[in-house]
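The values are calculated or read from the model by the stated rules, or taken from the named source; none is laboratory data. Computed from a prediction, not measured in an experiment: that's the story for all the values here. Using ideal geometry, Cβ is built from the backbone for each residue, glycine included, and neighbour counts are taken over all protein chains shown. What goes into the accessible areas is simple: the full protein's heavy atoms, side chains included, and nothing from ligands, DNA or RNA. Shrake-Rupley method; radii C 1.70, N 1.55, O 1.52, S 1.80 Å.
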Amino acid sequence: MINNLLYKSTALLAPKDRKFRLLLDQARLRNANMDVTGYLHWEDGMFYQWIEGPAAELQIVERFVFASTSHRDLTVLSRNTAQGRQFTGWSMALGISDEASLFSFVAARGTATIDQEDYAASILAFMNVQVRGSDHPG
């Protein structure tokens, strides 16, 4: 079984910031070493992140995420277990709203953000669409 977590938070970094890229590189290295995969999307000052992996390793990564000063107001949208991974081969895929808009995707699906389960499913669907359109695991 694979555990997973989806959260949103207010980003205190933007993709153009050097510190953002450094943080992403560190997360990719840590995740690769810990068998954790996922997707990070930045849009309009918000982070949306899906992380997945074995329970013990995911708990360690969660501690890093929750303690990070790169964001605030973290809200867990979904926490589950699954038979397999969503982002096999991606230590941390990255999406930026300049390339594809999560907000537009969610609106086009008619998803109500108040319905947390449906909202989380739409965010995950968006992330999967983005990864399928890319051939560069990260």
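So the values come out like this:
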{"quantity": "Contacts under 6 angstrom Cβ, first residue in region 2-22 being under 16 Å from residue 68 (Cα atoms), partner among the acidic types (Asp, Glu), 6 or more apart", "calculated": "9/73; 10/73"}
{"quantity": "Yes/no for residue 111 being of a type in the set (Ser, Thr, Tyr) and touching a residue at least 24 places away in the same chain (Cβ under 8 Å)", "calculated": "no"}
{"quantity": "Residues located in region 82-108, provided they are polar (S, T, N, Q) and touching a residue at least 24 places away in the same chain (Cβ under 8 Å)", "calculated": "83, 86, 88, 91, 97, 101"}
{"quantity": "Close pairs (8 angstrom Cβ cut-off, 6 or more residues apart or separate chains): free of Cβ contacts under 8 Å to residues at least 12 places away in the same chain in region 58-77, among the hydrophobic types (A, V, I, L, M, F, W, C) anywhere", "calculated": "66/74"}
{"quantity": "Index of the failed condition, residue 120 passing every other in (1) closer than 12 Å to residue 48 by Cβ; (2) more than 12 Å from the chain's Cα centre (by Cα); (3) not in a strand (DSSP E or B)", "calculated": "(2)"}
{"quantity": "Test result for residue 112, hydrophobic (A, V, I, L, M, F, W, C), open to solvent by 20 Å² or more (accessible area, probe 1.4 Å), part of a loop (DSSP other than H, G, I, E, B) and farther than 19 Å from residue 2 by Cα", "calculated": "yes"}
{"quantity": "Filter result (small (Gly, Ala, Ser) and surrounded by 13 or more Cβ atoms within 10 Å (Cβ to Cβ)) within region 13-38", "calculated": "27, 32, 38"}
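Each row is one residue, and each column tells you yes or no for (1) outside any helix (DSSP H, G or I); (2) modelled with pLDDT of 95 or more; (3) surrounded by fewer than 17 Cβ atoms within 10 Å (Cβ to Cβ).
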{"position": "40", "(1), (2), (3)": "yes, yes, no"}
{"position": "64", "(1), (2), (3)": "no, no, yes"}
{"position": "72", "(1), (2), (3)": "yes, yes, yes"}
{"position": "78", "(1), (2), (3)": "yes, yes, yes"}
{"position": "95", "(1), (2), (3)": "yes, no, no"}
{"position": "104", "(1), (2), (3)": "no, no, yes"}
